[in-house]
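Presented below is the structure to which this report refers.
The values are calculated or read from the model by the stated rules, or taken from the named source; none is laboratory data. The structure presented is a predicted model; accordingly, all values stated were derived computationally and were not measured. Positions of Cβ are backbone-derived with ideal geometry, glycine not excepted, and every protein chain shown enters the neighbour counts.
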Ligand SMILES: CC(C)(COP(=O)(O)OP(=O)(O)OC[C@H]1O[C@@H](n2cnc3c(N)ncnc32)[C@H](O)[C@@H]1OP(=O)(O)O)[C@@H](O)C(=O)NCCC(=O)NCCS
């Protein structure tokens, strides 16, 4: 498995994985727009020529937000998300950023376990943040020295 920067060739596969993993998926067009945004950094995990996971972020004034992360159901529990987050933090730090924030559903136990393992801590809660189904969001954050 290797982790590389997202390019045009990955957009359709990311959109497919979004549809598979989320009730409210990003469209192919929205994902493609990230390629031309100077604020955005998206990484993909590739097994040979197959896209098996991705993570997307946006950064402003040294503070980064994780927009989304997903791993294909057939490739989960093999350390791919851990590798994506580790590489994302390294790449964000190399670009001068010092923190990473994200929202997660309190019911999403695998994702919360991943983030706790990666050193994120809860810093807040947004009531009724998610739709379909309606749920609060936990706000998690990790910071590092650059
Ligand atoms: C959350 C998700 C990205 C994890 O991907 P993954 O590649 O399977 O995760 P990893 O194999 O790298 O696991 C890393 C750590 O996360 C935790 N974890 C991952 N899946 C878990 C599960 N099903 N149950 C409990 N803990 C889990 C473990 O602590 C694991 O560390 P360990 O292997 O040393 O025990 C994946 O389940 C997914 O795509 N879910 C659907 C999309 C989603 O919910 N995204 C998050 C939105 S906020």
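Observations
- Flag: residue 102 matches the condition of being within 8 Å of the ligand (Cβ to nearest atom), at pLDDT 95 or above and either in a strand (DSSP E or B) or crowded, with 22+ Cβ neighbours inside 10 Å (or both).
- Odd one out for residue 50 among (1) touching a strand residue (DSSP E or B) at 6+ places or on another chain (Cβ under 8 Å); (2) within 20 Å of residue 14 (Cα to Cα): (1)
- Residue tally, condition within 12 Å of the ligand (Cβ to nearest atom), part of a loop (DSSP other than H, G, I, E, B) and buried (at least 16 other Cβ atoms within 10 Å of the Cβ), over segment 1-25: 1
- Selection from segment 47-59 of residues that are in a strand (DSSP E or B) and away from the ligand (no atom under 14 Å from the Cβ): 50, 58, 59
- One residue stands out among those in segment 123-142 that are surrounded by 14 or more Cβ atoms within 10 Å (Cβ to Cβ) and either modelled with pLDDT under 95 or more than 16 Å from the chain's Cα centre (by Cα) (or both): the one that is farthest from residue 98 (Cα to Cα), which is 135.
- Restricting attention to segment 60-81 and to residues that are more than 12 Å from residue 102 (Cα to Cα) and in a strand (DSSP E or B), the residue that is farthest from the ligand (Cβ to nearest atom) turns out to be 60.
- Residue match in segment 82-94 (condition: in a strand (DSSP E or B) and either modelled with pLDDT under 95 or over 20 Å from residue 37 (Cα atoms) (or both)): no
- Of the criteria (1) within 16 Å of the chain's Cα centre (by Cα); (2) touching a residue at least 24 places away in the same chain (Cβ under 8 Å); (3) closer than 17 Å to residue 17 by Cβ, which one residue 64 fails: (3)
- Exclusive hit being more than 9 Å from the ligand (Cβ to nearest atom) and surrounded by fewer than 15 Cβ atoms within 10 Å (Cβ to Cβ), set 109, 94: 94
- Hey, residue 32 closer than 19 Å to residue 14 by Cα, in a helix (DSSP H, G or I), modelled with pLDDT of 95 or more and within 14 Å of the ligand (Cβ to nearest atom) or not: no
- Some residue of segment 121-136 being assigned to a loop (DSSP other than H, G, I, E, B), within 16 Å of the ligand (Cβ to nearest atom), touching a strand residue (DSSP E or B) at 6+ places or on another chain (Cβ under 6 Å) and in contact (Cβ under 8 Å) with a residue 24 or more places away in the chain: no
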